[in-house]
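Inspection log for the structure reproduced underneath, given as structure tokens.
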């Protein structure tokens, strides 16, 4: 089965302002935040925290995070797919060094200086602390077997938690594996499987209402719209 392709990506450093309007993201890459001003309230996979001035934290691929800053905050943000961050801790080991470097890079960006993302990423990684070896063996996902398991249950209301439990991983771990291996979130993957199966059954001449029932679409009209969108993308 095919999956959505990951888009081309380059590491990037930026300075961002956060306000009282709440937001929610799930990234397919690592994101590192340094609080330059104010306090940023975060909820990462259900775990609440406050990122205050001088503090930093690491968000991993697939981790859903909500954020807001009632009084406003400013952060230096590093977006990267460098796999070395997989083995780094959630908080920097060298807090003071990381903060001073983050402030310097932020000022350089705000003054219009040309900052090298590659050099900035390298320096921030070094200031963050040495990457450590994982203490636990990484559990691989048998995608072929899991795909067959999902295909037998397309008529059922599947969730990311259901898939994670089947793969013997936490939901956040499974999200990360899915983004890394397939380039999409778990539910995007399931929607792709539903739609591809629906297209196969339609090609065999099955009625749309029966296809919708078998593939978990809430109505025949919802399935028709999804199939039409797929056909338009294929033109």
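The values are calculated or read from the model by the stated rules, or taken from the named source; none is laboratory data. Keep in mind it's a predicted model, so treat the numbers as computed, not measured. FYI the Cβ positions are ideal-geometry reconstructions off the backbone, even for glycines, and counts take in every protein chain you see.
Suppose the filter is within 22 Å of the chain's Cα centre (by Cα), part of a loop (DSSP other than H, G, I, E, B), outside the structural domain of residue 36 (by TED's automatic domain parsing) and modelled with pLDDT of 85 or more; does residue 163 pass it? Spelling it out, it is not the case that residue 163 is within 22 Å of the chain's Cα centre (by Cα), part of a loop (DSSP other than H, G, I, E, B), outside the structural domain of residue 36 (by TED's automatic domain parsing) and modelled with pLDDT of 85 or more.
No other residue among 106, 97 is in a helix (DSSP H, G or I), more than 18 Å from residue 173 (Cα to Cα) and either outside the structural domain of residue 20 (by TED's automatic domain parsing) or touching a strand residue (DSSP E or B) at 6+ places or on another chain (Cβ under 9 Å) (or both) apart from 106. The residue of region 38-57 that is surrounded by the fewest Cβ atoms within 10 Å (Cβ to Cβ), among those that are touching a residue at least 40 places away in the same chain (Cβ under 8 Å) and at negative phi, is 55. Given the criteria surrounded by 14 or more Cβ atoms within 10 Å (Cβ to Cβ) and part of a strand (DSSP E or B), does residue 67 qualify? Criteria met by residue 67. Give me a count of the residues in region 70-84 that are modelled with pLDDT of 90 or more and either in a loop (DSSP other than H, G, I, E, B) or assigned by TED's automatic domain parsing to the domain that holds residue 173 (or both). Adding up the residues that qualify gives 3.
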